[in-house]
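What follows draws every value from the coordinates through simple rules; no lab data is involved. Predicted, not measured: the structure shown is a model, and the values here were computed from it. Here the Cβ positions follow ideal geometry from the backbone for every residue, glycine too, while neighbour counts run over all protein chains shown.
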Amino acid sequence: MTNNLTDNLSKTIILAEPRGFCAGVDRAVRIVEESLKKFGAPVYVRHEIVHNKHVVNRLAAMGAVFVEELDEIPDGEHVVFSAHGVAKAVVDEAARRHMIAVDATCPLVTKVHVEATRHFQEGAHILLIGHAGHPEVEGTMGQVDSQSITLIETVDDAREVMPADTNNLAFATQTTLSVDDTAEIIAALRERFPNIKGPRGEDICYATTNRQQAVKEIAGKSDLVLVIGAENSSNSKRLVEVAERFGAASARLITNADAIAWPLVENAETIGVTAGASAPEELVEDVVAAIAGRYHVNIDRHVSATESVIFNIPSVLRS
């Protein structure tokens with residue numbers, strides 16, 4: 001007699017904690033929800049509010065309309081700027097067209113914007129460490145004159161960049177980068193430009209740091225690490241890289257339970273599971289349930305940090 005569980009096989013799932021939604025993502029999602037309640041549908045959102053189709057589709061079903069640019073929105077409508085932040089030109093265009101804008105930019109991204117503006121006002125050329133094409137990078141570069149900021153993606157970039165004035169330099173970073181890779185790039189910049197100014201506090205956000213640390217701690221114990229997140233999610237992709245670098249035999253980015261690579265699961269006794277900062281907990285629950293539907297599962301929760309950060313939504317949306 002057989003059943004749905006594979007006979008004589010069990011799996012240990014190590015759940016990394018913290019994982020999933022960070023305070024900035026939670027705030028951005030609540031901003032869209034509260035905007036819909038207050039203003040009614042449609043509420044337009046420039047870019048995906050966060051990088052997760054599950055979240056975006058749920059909000060779209062509630063009446064949010066996601067667009068790439070403001071020219072897709074009629075004048076005078078309500079618009080939410082995504083958690084990744086936008087260039088000053090976007091804010092100015094929304095005001096010119098009498099749009100009612102609600103800014104869902106993560107406060108930790110706003111901090112980087114403020115730093116970049118300060119460096120620019122002090123006459124410094126800014127070296128921004130980040131990934132080309134990422135909306136957060138586009139938003140940060142759009143805070144200052146384009147001639148005053150240069151994107152640095154790799155250690156090689158840091159070793160080769162030649163600013164016109166090397167005596168007045170500053171650097172900033174995208175908030176969702178690999179902690180270790182970024183440290184290498186910063187070290188290369190400081191070696192070449194000892195007087196380069198950095199941020200007053202860490203640019204890489206607490207949630208990115210905590211999720212990477214949790215994966216570092218479980219990777220060596222795991223035959224397979226499953227990272228739940230979107231392909232366009234920078235922090236999720238970094239978690240896969242961290243897992244591989246710190247000893248996981250294999251690591252995969254999956255969007256949801258439907259994307260599980262079952263041959264990899266079959267060959268793994270211990271499976272680490274985490275989620276990027278834009279992935280809701282229900283997707284983690286679905287992945288665990290899917291594995292438990294095929295195997296006898298033992299759950300091991302590995303807690304490396306406890307998070308209590310909460311960001312308030314804008315006052316215009318508070319009851």
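Observations on the structure shown:
- A cut-off under 9 angstrom between Cβ atoms defines the neighbours of Ser250, and their net charge, with Lys, Arg +1 and Asp, Glu -1, is -1.
- Flagged links, alpha-carbon separation over 18 Å, of Lys88/Lys111; Lys111/Lys197; Lys11/Lys237; Lys53/Lys237; Lys11/Lys221: Lys11/Lys237
- Gln213/Ala60 FRET efficiency (R0 41 Å; Cβ-Cβ; nearest 0.05): 0.75
- Tilt relative to the chain, helix 107-121 - C-alpha long axis, 0 to 90 degrees, to 10: 30
- Helical contribution to [θ] at 222 nm, DSSP H n ≥ 4, -39,500 (n - 2.57), averaged over the chain, rounded to 500: -11500 deg cm²/dmol
- 11 Å beta-carbon shell around Ile13, net charge (K/R +1, D/E -1): 0
- Overall form of segment 108-204 per C-alpha gyration tensor (a/c, 1.5; a/b vs b/c): rounded
- Cα-based shape type of segment 1-151, given that a ≥ b ≥ c are square roots of the gyration tensor eigenvalues and the cut on a/c is 1.5: oblate
- Asn232 paired with Ala289, simple spin-label distance in nm, labels 7 Å along Cα-to-beta-carbon: 2.7
- Arranged from fewest to most other beta-carbon atoms within 10 Å of their beta carbon, Met162, Met141, Met62 become Met162, Met62, Met141.
- Point-to-point label distance, Ala89-Ala132, nm (Cα→Cβ direction, 7 Å offset): 1.8
- Förster-model FRET efficiency, 35 Å R0, Ile299 and Arg30, C-beta, rounded to 0.05: 0.75
- D_trans [Stokes-Einstein, Kirkwood Rh over alpha-carbon pairs] for the chain, 4 °C, 1.567 mPa s, µm² s⁻¹: 62
- Placing unit charges on the Cβ atoms only, positive for Lys and Arg and negative for Asp and Glu, gives the chain a dipole magnitude near 700 debye about its Cα centre.
- Residue (of Thr173, Val297, Pro135) at the positive-pole extreme of the chain, dipole from beta-carbon charges: Val297
- Three-way shape call for segment 239-305 based on the alpha-carbon gyration tensor, with the a/c threshold at 1.5: rounded
- Crossing angle, helix 179-192 versus the chain [Cα axis fit, 0-90 degrees, rounded to tens]: 40
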